[in-house]
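The values are calculated or read from the model by the stated rules, or taken from the named source; none is laboratory data. A quick note: this is a predicted structure, and the numbers were derived from the prediction, not measured. Positions of Cβ are backbone-derived with ideal geometry, glycine not excepted, and every protein chain shown enters the neighbour counts.
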């Protein structure tokens with residue numbers, strides 16, 4: 001857990017990563033959220049290890065429909081599905097960013113995600129979610145999310161072993 005001191009439109013406030021985690025965790029499309037903010041050592045940025053709910057993109061339903069019409073899944077289908085998941089998470093990221101801006105009356109909130117692991121059945125999507133409360137370029141936040149995601153993939157995440 002980390003706690004940040006920021007100045008919003010009404011004065012100085014404290015923002016706790018556990019509170020931000022609860023905002024993310026309450027979403028029905030996110031199955032699991034773990035605060036990993038204290039592992040990234042970045043001032044003004046919080047990090048969360050997350051898992052997308054399996055109900056969001058149910059491969060069994062898709063496979064059943066394709067079986068009925070006599071089609072097989074090919075590799076291009078998985079690329080399209082991956083892009084759909086990225087678009088879905090981008091929309092969720094925008095919604096969370098807006099919610100945080102409204103809650104903390106702080107316009108300089110930036111959020112970004114990086115999918116770091118997908119299981120072979122394409123039903124288990126794990127991603128890191130970063131929330132910045134400082135002036136940062138989105139490209140820098142994107143790079144940091146890739147670094148944190150790679151670290152989670154190589155074993156820093158004990159939850160997903």
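Determine if region 124-135 includes at least one residue that is more than 14 Å from the chain's Cα centre (by Cα) and without any contact (Cβ under 8 Å) to a residue 40 or more places away in the chain.
yes
Which numbered condition trips up residue 137, out of (1) surrounded by 13 or more Cβ atoms within 10 Å (Cβ to Cβ); (2) more than 16 Å from residue 27 (Cα to Cα)?
(1)
Looking at (1) part of a helix (DSSP H, G or I); (2) modelled with pLDDT under 95; (3) touching a helix residue (DSSP H, G or I) at 6+ places or on another chain (Cβ under 9 Å), which one does residue 86 not meet, given that it meets all the others?
Every condition holds for residue 86 apart from (3).
Can you tell me which residues in region 36-48 are surrounded by 20 or more Cβ atoms within 10 Å (Cβ to Cβ) and over 11 Å from the mean Cα position of the chain (by Cα)?
36, 37, 45, 46
Identify all residues within region 14-31 that are closer than 16 Å to residue 101 by Cβ and either free of Cβ contacts under 8 Å to residues at least 24 places away in the same chain or in contact with a strand residue (DSSP E or B) (Cβ under 6 Å, 6 or more places away or on another chain) (or both); write none if there are none.
Selection gives 15, 19, 20, 24.
With respect to residue 101, is the statement that it is out of contact with any strand residue (DSSP E or B) (no Cβ under 7 Å at 6 or more places or on another chain) and either modelled with pLDDT of 95 or more or under 16 Å from residue 23 (Cα atoms) (or both) true?
Taking the combined requirement at face value, the residue satisfies it.
Assigned to a helix (DSSP H, G or I) and surrounded by 13 or more Cβ atoms within 10 Å (Cβ to Cβ), is that true of residue 116?
Here the answer is no, as residue 116 does not meet what is asked.
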